[in-house]
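Working notes, structure below.
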Amino acid sequence: MTILPKQLRNALVLLTTVVLLAGCGMSPEERAETLSAKDLYDQANLSMKAGQYDTAVKYYKRLQARFPFGPYTAQGLIELAYAHWKAHQPEEAIAVADRFIREHPTHPHVDYAYYLKGLINFQRQLSIAERLFPNERSTRDQTHARQAFLAFQELINKYPDSPYAADSRQRMIHLRNNMAQHELNIAQYYLGRGAYVAAINRAQKIVQTYEETPSVPDALVVMAKAYDAMDMKDMAQDTRRVLEFNYPDNPYLTGEDKDKGGLLSWLWPFG
């Protein structure tokens, strides 16, 4: 008599169950009411691997509803968040990730919940054009960028040794640069419209909040130009001295046109 390995036996049992249920013409919802917790979890995983994310969501939801306390509940919950995301349901995905963090704060994979929240907002509402021309992203609403930054920041603060920490730091650098560029766009707009006080306020925010980002020297240029336009010569000169000390090769100081950079300088670093 041949003894089958345990994993193979389980697979055969699962396959038999699926075939029998499929033969009865059951819908995924009806089938979910007949399965054990393990079989529900396995079916959800099979659906995920097959790219059937909507079906996976249904199985994971039934797992949570029918077996709220069990060995597959926590893992199934975080995988439900991922399934929602892959099914193009970002709001639901973030809500489930938040629920996981609340209900399982000591789970070994809770760091992933924070990372997933950040990743969802990081990639949210990105069109193909934005991926090809990411400099255009700095002109758009920054709500999701800020939410992504905060999620990544919370992950790093709470779990600095997480396997997701390094990637989160890199994404935070990109987000911070992008948010600074967004503020610079507004400051330059105000400068062009003659709203010099508003331009200075925006530029000062960049210098104080987004130090060491590529937008800082341009923010100082905006301030110097605005002070000059308001005939505040001492403030303009002080600003130019700061610019010269920190960025002596800035085109504004040398009288050269500002180098806008080519497409390669803006290539999207994350696929």
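Expressed as a fraction of 2.2 N^0.38 Å, the C-alpha radius of gyration for the range 160-222 is 1.33.
Remark on the range 29-107: Rg and Dmax equal 11.6, 34 Å (Cα only).
From least to most packed, judged by other beta carbons within 10 angstrom and beginning with the fewest, 162, 168 follow the order 162, 168. Label positions at residue 173 and residue 87, each projected 7 Å from the Cα along the C-beta direction, are separated by 3.7 nm. As a rough footprinting exposure proxy, the listed residues 221, 242 were ranked by other beta carbons within 10 Å of their own, and the order from fewest upward is 242, 221.
Sorted fewest first by neighbouring Cβ atoms within 10 angstrom, 55, 209 come out as 209, 55.
In the distance distribution for the range 138-192, Cα-Cα pairs more than 14 Å apart total 57 percent. Of the GluC sites (Glu not before Pro) in the range 27-84, the ones in a loop by DSSP (not H, G, I, E or B) with at most 13 other beta carbons within 10 Å are 33.
Remark: the range 29-107 carries a charge dipole of roughly 120 debye about the Cα centre, counting +1 on each Lys and Arg Cβ and -1 on each Asp and Glu Cβ. Rounded to the nearest angstrom and listed largest first, the equivalent-ellipsoid semi-axes of the range 188-262 from its Cα gyration tensor are 17, 14, 13. With a Förster radius of 41 Å applied to the beta-carbon distance between residue 30 and residue 247, the computed FRET efficiency rounds to 0.05.
Every number in this text was worked out from the coordinates using simple rules, so none of it is lab data. Treat the numbers as computed from the prediction; the structure is a model and nothing was measured. Here the Cβ is made from the backbone with ideal geometry for all residues, glycine too, and neighbour counts use every protein chain on show.
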